[in-house]
Structure formats: C-alpha cells, structure tokens
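Beneath this line is the structure, given in structure tokens, with notes to follow.
The values are calculated or read from the model by the stated rules, or taken from the named source; none is laboratory data. For clarity, every value in this text was computed on a predicted model and none was experimentally measured. No Cβ is skipped: glycine too gets one built from the backbone with ideal geometry, and neighbour counts run over all protein chains shown. Accessible surface areas use protein heavy atoms only, side chains included; no ligands, DNA or RNA. Shrake-Rupley method; radii C 1.70, N 1.55, O 1.52, S 1.80 Å.
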Amino acid sequence: MQQTVYLKDYQLPAYLVDTVYLDFSLQPSATGVVSSVRYRRNPAAAAGESLWLDGQDMELLSVALDGQELTTDDYSVSESGMRIENVPECFELTIATRINPEANKSLEGLYRSGGNYCTQCEAEGFRKITYYPDRPDVMAPFTVRMTADKAENPVLLSNGNPVAQGELDGGRHWAEWRDPFAKPGYLFALVAGDLQCVEDQFHTSDGRDITLRIYTEAHHIDHCAHAMASLKRAMRWDEQRFGLCYDLDLFMVVAVDDFNMGAMENKGLNIFNSRLVFASPETATDDDYIAIEAVIGHEYFHNWTGNRVTCRDWFQLSLKEGLTVFRDQEFTADLHSRAVKRIEDVRLLRSHQFAEDAGPMAHPIRPASYMEINNFYTVTVYEKGAEVVRLYHTLLGSDGFRRGMDLYFRRHDGQAVSTEDFLAAMRDANDIDLAQMQRWYDQAGTPKLVVRMAYDEQDATCTLHVSQSCPATPESSEKQPFLIPLTLGLLLPDGKAVPLQLAGEEVASGSSRTLLVREAEQEFVFTGVREQPLPSLLRGFSAPVELDYPYTATDDAFLMRHDEDSFNRWAAAQRLAMRTMQALLAGDTSSEVVLIDALHHVLTDAGLGAALKAEALLLPSEADIAEACSAADPGLIHQLREQLRVNIAAALRSEMEALYRQLSTVTGFSDEAMQARKLKNVCLSYLVRLGDKAACALVYAQFEQADNMTDQYAALAALADCDCPERELALAAFEAQWRHEANVMDKWFGVQAASSLPGTLEHVQSLMAHPCFDARNPNKVRALIGTFAMRNPSVFHAADGSGYAFVAEQVLLLDAFNPQVASRMVRALMNWKRIEPARSALMRAQLQRINDAELSPDVREIVSKSL
Ligand code: B3K
Ligand code: ZN
C-alpha cells in the first residue's frame with residue numbers, strides 16, 4: 001500500500017553532495033551506469049544518521065565506499081532504495097547499476113523514443129537511473145560521461161557545456177559534459193541518438209554570446225524555425241522584464257515524440273514533446289504557434305524560477321510552477337493581446353481548476369500531503385498558483401513586484417526554498433504586511449465573493465456590501481478569510497463611468513480601482529454618485545474567486561456593450577450565455593432573445609476587435625454548464641446547447657456570412673491575421689450548425705482551399721460533427737494528406753473522438769487499430785482516448801454507461817505500463833457525484849472496478865480519493 005507523504009514530516013537531508021560523476025555505457029536493453037558521488041554530512045542535520053539513497057527498477061552490480069568494495073552486510077536494499085549505516089563525515093560512494101531503457105515504457109527515467117535515448121527525471125525519475133538522494137534540496141554540480149555506438153548515436157548530449165569527446169574501438173564513441181551549476185537530480189538529462197540540429201546565436205544584455213540549438217530527427221529539421229525564434233524572444237523578454245540573463249554558453253532543446261507531458265526544463269538541455277516544437281503554416285494552427293512560443297518561454301523561464309532557485313521539497317511545487325506560469329502568461333500578454341490572453345487563461349482556470357477545487361482531489365496550491373507526487377502537477381498547482389502570484393502583482397504593482405523578484409533572487413540564488421521564502425521576499429522588498437497571503441497556500445477551495453449594492457439617491461452614495469466564504473474541501477471545512485483584491489468600476493445608465501471616490505479618502509481614484517477585501521464581511525461606500533450605477537466587478541479577474549452579484553440578463557447585455565474593461569465585457573457575455581442555458585434547462589426560453597440580441601451587437605460592433613468578438617461568441621462548454629448544475633444531465637445539456645447554437649446561427653446567419661466573407665480575404669500570420677481567422681472560424685462553426693447544403697458546401701470549400709492548418713483544421717472539426725456527405729470526404733482527404741505526420745494525425749484522431757454523432761464510441765475503438773495509433777505513445781492516447789473521455793461529454797456520458805466502461809478498460813490497460821498517463825485518464829470518472837443519479841451510479845461502478853484491480857500508486861490515489 002502506498003504511503004502518504006506529509007509536509008509536516010519534512011527533514012533536512014542528512015548528507016549533502018559536493019560532486020556527482022556519472023558514467024553511462026549506453027546499450028538499448030542493458031545500459032551500465034556508474035555513479036561516483038562525494039557526500040558530506042550536513043552540519044545542519046542531526047549527527048550519526050545513516051545514508052539513505054532512493055533507487056528503484058535497477059539491477060545493482062556493486063557498491064564501493066572510498067574505493068573499498070562493500071558487501072551486503074554493509075548496506076540494505078529494498079524496492080525503494082538503499083540504506084548504508086556508519087558512513088564517515090566525508091566520503092565518495094561509487095555505485096554500479098544496470099538498467100533497461102528499451103523496456104521502460106513508463107517514460108520516466110532513461111528510456112527510448114524513436115530509437116534514441118532520452119530521460120525524464122522530474123519529479124522522482126532520477127532514482128530509476130542510479131541510487132541517489134533523489135530530492136530537490138540536494139544540489140550538486142554534475143559531470144556526465146557517456147559511451148555509445150557511434151553509427152546509431154552520433155549525437156551525445158547532457159546538461160551544461162561539452163568538455164571532451166573521443167573515439168573508441170568497436171564503433172563506439174564517448175562524450176563528457178559538465179554542468180557547473182549545482183542542481184537537484186530531477187534536472188539531470190541525457191540524450192543520445194541520430195539527431196540533426198538547427199543552430200543560432202543570442203547576444204545577452206550582459207555581453208555574452210550563447211549558442212542555441214534545437215535537435216530533432218532529420219525529417220523535421222525544417223519545422224524548428226518558429227521554436228528557435230520563440231526562444232530568442234523569450235530570452236530577450238526575460239532580460240527586459242525581469243533583468244534575468246542566460247547563464248551557460250549553450251542552450252539546447254531536443255524534440256522527442258514519446259513524452260508524458262509538454263516539456264521539461266532540464267538545465268541547459270530542455271526536452272520537449274515534439275508537438276510543442278514543430279510548426280509550419282501547413283501543419284500547425286495559429287493556436288499551436290502561440291502554444292509553442294508559450295511553452296518554449298515557460299521552460300526557458302524555469303532556468304531562473306525553478307533551476308537557479310529550486311524547491312525545498314515537492315510540496316513547494318507551485319513555487320516554481322505557479323511563478324513560471326505567471327511569467328509565461330505575461331510573456332504572451334506582452335507579445336500579443338493582453339485581453340485575449342487573460343480571457344483564455346481565466347477560461348481554463350474556471351473550467352478545469354474550479355472543477356478540481358470542487359471535487360475529491362481538491363488541494364491547496366501547496367498541498368499538505370500526497371501519495372504520488374506526479375498526481376499533483378495539476379491545474380491547481382500551475383494555474384491557480386499563477387493566479388496567486390498575480391495577486392502579489394496586483395497588490396504591489398509592477399515595480400513593487402519586480403523589487404520582490406529581485407530580492408528573491410538576491411537571497412536565494414543556488415538554494416532550494418519554500419513558498420514562505422517567496423512571500424517573505426515580496427513582503428520585505430515592499431515593506432508591507434502580507435501575512436494573510438499565506439492562506440492562499442494553505443486552504444483549498446474556490447472562495448465565493450458575494451457582492452450586494454445599495455444606492456442612496458438622497459446622499460448620492462453607493463454602498464457595496466462584500467462577503468466571502470469558502471466551501472469545505474477534503475483538507476478542511478473551517479476556512480479563514482482570504483486577502484482578495486477586488487477591482488471594479490461603476491457605470492451610469494448612459495454607459496459613462498463614475499469617478500470613484502471612497503468615503504473617507506481625499507482624492508478620487510479614476511474610473512477603476514482595486515478594493516482590498518480582507519474580512520468575512522466588509523462595506524465600501526462611494527460618494528458623489530449622482531445616479532444609480534451598475535457595478536462592473538472583478539475586472540480583469542482580479543482574484544481567483546467565484547463572483548455572486550444579482551445581475552439580470554439586461555445588466556449583462558449592458559455591460560457587454562459599455563464596460564471599459566474588455567475582460568468584463570467577455571465575462572458578462574459568458575454569464576448571459578450561462579444564464580440562458582440554465583433557463584433552457586429549466587424549460588424557460590425567455591432570455592434567449594436577450595442573448596441573441598447581445599451577440600448581434602457583438603458581431604456588428606465596430607469598436608470591438610476580432611479576437612474579442614470571437615471570444616464573446618463562444619458559448620460556455622458543455623462541461624462548464626454541467627459544472628454549474630447540481631445533478632447534471634449531460635445528454636440534455638448537449639441537446640439544448642446545440643439547439644441554442646442552431647438558433648443563434650439561424651438568427652444571425654446573414655451577419656455571420658457577411659463577416660465570414662469579409663474575413664476570408666485575410667492572409668499572413670500577423671496577430672491581426674490570426675485574430676481575423678479566429679473570428680472567421682467561429683462564424684464557420686455556427687454556420688455549419690445550420691446543417692443545410694449551402695452551409696456544408698461552404699465549410700468543405702474552406703477545407704479544400706485552405707493553405708494553412710488553422711483553416712483546414714477548423715473546417716475538418718466542423719464537418720466531423722456534422723452528418724453530411726462532406727464529412728467522410730474531408731476525413732479521408734485529411735488522412736491521405738497527413739498520414740506521415742504523426743502530430744498532424746493527432747488532430748485527425750481528436751476531431752473524430754470529439755464527434756457527438758451516433759457510433760462515435762465504436763469508431764474510437766476501431767481507430768485504435770489504425771496504423772498511426774500507438775497506445776505506447778502518450779500523444780496518441782491523449783488525442784483519441786483523452787479527447788473522448790474529457791472533451792466529448794455527451795458521448796462519454798452515454799446513458800447506458802458504455803463510455804465509462806470503455807475508459808475504465810483503457811485506464812487498466814495503460815496503467816500496466818504508463819501510470820502517469822493512466823492516472824490522467826482516470827480523472828474523467830472522478831466527479832461522479834456531480835452527475836444525475838443514474839449515470840452517477842454507473843460511473844461509480846467503473847471506479848470500483850478499477851479499484852478492485854492491481855494498480856499503480858498513481859491511479860490508486862485518484863481512485864481511492866474519488867470513492
Ligand atoms: N516541470 C515539468 C513537469 C514535470 C512533470 C512531472 N510529472 C514541466 C513544466 O512544468 O515546465
Ligand atoms: Zn513548469
């Protein structure tokens with residue numbers, strides 16, 4: 001049975017490491033690893049402790065201490081590691097092990113992808129390579145030597161800078177790399193194989209020349225230019241915005257096809273899922289382009305937030321991930337549209353993180369315990385973590401935030417620290433009391449902010465009564481009030497903004513300001529308000545909370561037109577659409593006309609940019625609507641939402657067609673062009689709902705004529721959900737065109753798995769036998785099975801339970817070789833308590849079936865907590 005690890009049990013490492021020397025003899029199924037590590041007793045830890053080294057799934061060949069071979073009397077080995085009693089104050093330990101990269105299908109540790117060797121060590125994969133204190137607070141400089149067959153592996157890479165290389169007998173060669181920066185084992189990386197690279201240069205603002213290389217298999221070498229350009233933009237941006245320069249002479253990115261997540265920030269040698277590197281206009285959508293830039297940025301930014309300053313233990317994961325997500329969000333916002341980026345981030349947060357916070361896996365951004373740390377790379381730790389970092393930014397302003405960051409690096413460069421250290425740096429650099437911020441780290445759950453307004457015409461005052469609460473979550477039911485920045489404005493009936501004068505303050509503060517909510521209940525009084533206003537609350541989504549204000553449909557339609565905050569114009573559109581859906585579910589169609597009228601205005605509003613129009617036209621997803629219901633019926637939600645889309649398309653057909661035609665002339669890849677394409681394709685997705693000949697012909701024409709993947713994919717996705725003759729034509733043509741491009745084929749699998757047409761489950765099952773499908777490849781599993789389980793609610797939740805049974809079966813199959821992927825997939829069944837009773841029972845039965853099987857700790861944790 002898997003042990004639970006608790007934050008409160010943290011202990012300093014008993015031994016520190018001064019140097020690590022690793023020697024790999026690479027062979028596909030029998031790789032020899034010799035580690036020579038210099039240990040020193042930690043003066044800060046208790047004396048006389050034995051040495052514990054983590055290790056698993058290896059064959060131990062020998063152990064020597066200061067050159068003396070040890071016998072099995074001197075150490076004990078278990079499934080999880082090795083203990084050596086009675087070690088000296090200072091010593092060198094040499095351990096030889098043998099591992100099997102070819103057989104490693106967990107994609108953690110050293111494994112093979114496409115005939116090449118690569119590694120993934122975060123969080124606890126280094127212990128599958130050698131016996132070592134595999135914890136982030138043990139940091140050391142690494143030297144790595146590797147030997148390999150030269151013909152098969154002409155390229156040999158590791159962290160840091162190359163030191164030497166040479167030839168050996170028998171067609172083998174060797175290389176040695178040295179990383180001068182002390183790092184934990186989780187940042188170690190090794191790559192060997194038949195790779196080509198594109199090379200570029202970057203001149204840092206502190207006057208150094210850096211060589212940049214992106215490695216890939218030869219046939220993708222022409223698809224790396226966008227990733228390289230993104231890398232250079234990220235390096236420049238981090239210098240300009242945070243004063244942070246790159247520190248080694250070489251920065252490498254390697255693209256591999258088999259990877260459990262997006263990418264990994266290994267020091268000097270980032271390893272990427274190839275889908276987040278390769279791009280050409282023909283193969284990648286505009287969204288792919290933006291995502292590649294963001295993830296290249298994210299991993300690069302980790303060089304400071306994660307690598308130079310790392311985490312004391314894995315409970316602190318958000319220290320590096322929340323902060324680095326915040327940094328990549330700002331990078332994208334500075335380079336593209338800030339408003340659109342904010343809307344997209346908040347949409348993700350509200351759909352996925354709010355749901356996580358309301359379910360059985362709810363945890364604070366700094367969890368207090370875990371069974372399997374890989375299960376905590378979550379939207380809570382990442383996206384809510386980034387929102388908490390954003391709170392400091394809102395509270396301290398841009399300059400104050402920068403002062404805090406500067407102090408954080410001054411104090412902690414080269415250290416492994418905790419979220420308290422980050423809070424302290426922000427506090428001390430700004431001389432401000434931030435003690436209440438700690439609650440955001442310790443308490444799970446989405447706070448609810450209830451706001452009510454009272455207007456007094458006589459006194460011309462407007463009083464906002466604000467109260468906050470937070471629902472019970474598994475770790476606690478008693479919650480302390482949070483510090484919540486509430487950014488707002490007041491709008492008069494003519495749409496003009498009220499200058500905000502808070503009672504008791506001397507000067508007015510413009511038309512938007514941030515109130516600090518600290519108590520469970522608080523009142524704020526604005527004076528000099530001549531007419532009854534409508535409040536625009538939580539502008540820019542100033543805190544990760546659920547807002548409760550009794551807006552009417554007319555209020556929302558008004559805010560959609562007049563709010564000066566573009567984020568809140570979108571938020572009002574979402575609220576209006578959500579209210580309309582909820583009314584439809586209750587059999588009331590009255591707000592539909594308000595929504596359609598408001599969307600008509602959006603379409604024709606000359607003052608609104610294309611991207612914001614597109615965002616406002618997108619209805620809340622079926623999952624979002626289900627999340628807002630108490631006992632959701634996914635079938636009914638799908639049916640009513642589709643009908644609403646048809647009604648919107650029918651009512652606004654001529655405007656949408658006109659806009660579609662007007663935007664069809666756009667070419668190129670500027671931000672404007674990308675935004676225009678987005679709006680055009682949102683119109684297309686509505687028009688296809690009409691399902692008539694003209695509409696389907698229009699979509700198919702776009703499919704055939706597209707010279708870029710954005711347009712081709714949008715048309716394919718639209719047709720995949722439409723029962724028309726063009727559907728099969730498009731799917732067959734796409735397959736014929738792209739069957740040799742693995743990442744493009746994922747789109748083809750995805751649109752079919754997302755289709756709400758009858759027979760989709762059987763079709764998904766038959767696609768598993770397609771020559772391009774491979775259950776060992778996480779991208780394929782995510783594209784086909786993941787899309788079905790997570791992005792096709794109406795079919796996944798089929799009333800007969802067939803979707804649940806299929807997903808449960810796949811989880812069990814996957815868990816036998818890749819627990820991380822299985823453990824993501826099983827989450828589709830996790831929120832069974834929020835679905836209507838009949839389906840809920842079927843979901844629970846499948847969870848029980850999984851629970852009865854032999855499981856990895858990863859899946860066991862999710863299933864046992866869900867039940
Ligand atoms: N730090 C890695 C994630 C590692 C996940 C391990 N299961 C990528 C990132 O967040 O940048
Ligand atoms: Zn990260």
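Using a probe of 1.4 Å on the protein chains alone, the accessible area found for residue 283 is around 20 Å².
Solvent-accessible area per residue in the chain equals 38 Å², computed with a 1.4 angstrom probe and all protein chains kept. Net charge of the neighbourhood of residue 774, taken over other residues with C-beta under 14 Å away and scored Lys/Arg +1, Asp/Glu -1, is +3. Considering only 684, 495, 476, the residue lying farthest towards the positive end of the dipole of the chain is 495, judged by Cα position with unit charges set on Cβ.
Quick one: putting +1 on the C-beta of Lys and Arg, -1 on the C-beta of Asp and Glu, what dipole do you get for the chain around its Cα centre, in Debye to the nearest 20?
Values: 80 positive and 122 negative charges, 153 e Å.
Taking the Cα centre of the chain as origin, the dipole is about 740 debye.
From the Kirkwood radius over Cα pairs of the chain, Stokes-Einstein at 10 °C and 1.306 mPa s returns a whole-number translational diffusion coefficient of 55 µm²/s.
Go through 366, 776, 782 and list them by solvent-accessible area, largest first, probe radius 1.4 Å. Can you show the working numbers first?
Values: 366 20, 776 110, 782 75 Å².
Correct descending sequence by accessible area is 776, 782, 366.
When the charge dipole of the chain is built from unit charges on Cβ atoms (+1 for Lys and Arg, -1 for Asp and Glu) and taken about the Cα centre, the candidate among 422, 630, 668 whose Cα reaches farthest toward its positive end is 630.
Oblate is the label for the range 111-240, because the ratio a/c of its alpha-carbon gyration tensor axes (a ≥ b ≥ c) is 1.5 or higher and a/b is not greater than b/c.
Working note: 222 nm ellipticity from helices only, DSSP H runs with n ≥ 4, each -39,500 (n - 2.57), summed and divided by the residues of the chain, gives -12000 deg cm²/dmol to the nearest 500. Computed on the chain, with alpha-carbon pairs under 8 angstrom and 6+ residues apart, the relative contact order is 8 percent. Taking a ≥ b ≥ c as the square roots of the eigenvalues of the Cα gyration tensor, the range 346-485 is oblate, since a/c reaches 1.5 or more and a/b is not larger than b/c.
Counting DSSP beta bridges with both partners in the chain, what percentage is antiparallel, nearest 5?
Details: 100 of 123 bridges.
The antiparallel fraction comes to roughly 80 percent.
Legend: residue pairs 678/747; 613/747; 747/780; 105/384, Cα-Cα distance threshold 21 Å; pairs beyond threshold, 613/747; 105/384.
Applying a DSSP loop filter and a limit of 11 other Cβ atoms within 10 Å to the chymotrypsin sites (Phe, Trp or Tyr not before Pro) in the range 365-429 leaves nothing. In the chain, with Lys and Arg counted as +1 and Asp and Glu as -1 at Cβ, which of these residues, 142, 830, 578, has the Cα nearest the positive end of the dipole, that is, farthest along it? Ranked along the dipole, the leading option is 578.
Per atom type, the chain shows carbon and sulfur on 50% of its accessible surface, probed at 1.4 Å.
Under the definition of Cα pairs under 8 Å and six or more residues apart, what whole-number percent is the relative contact order of the range 701-764?
Numbers: 46 pairs, mean separation 17.6, N = 64.
Over the range 701-764, the number comes to 27 percent.
Solvent-free Debye calculation, one equal scatterer per alpha-carbon of the range 619-763: log10 I(q)/I(0) at 0.12, 0.14, 0.19 Å⁻¹ equals -0.53, -0.73, -1.25. Restriction of the GluC sites (Glu not before Pro) in the range 540-642 to DSSP coil positions whose beta-carbon has at most 11 other beta-carbons within 10 angstrom yields no sites. Loop-resident trypsin sites (Lys or Arg not before Pro) (DSSP state other than H, G, I, E or B) in the range 185-251 with no more than 14 further Cβ atoms inside 10 Å of their Cβ: 208.
Take every pair of alpha-carbon atoms less than 8 Å apart whose residues are at least six positions apart; their mean separation over the length of the range 560-712 yields a relative contact order of 20 percent.
Quick one: grab the alpha carbon gyration tensor of the range 240-390, order the square roots of its eigenvalues as a ≥ b ≥ c, and give me rounded if a/c is under 1.5, else prolate or oblate depending on whether a/b is larger than b/c.
Working: a/c = 1.45, a/b = 1.21, b/c = 1.19.
Because its axes are fairly even, with a/c under 1.5, the range 240-390 counts as rounded.
The Cα center of the range 585-651 and the Cα center of the range 1-56 differ in position by 55 Å.
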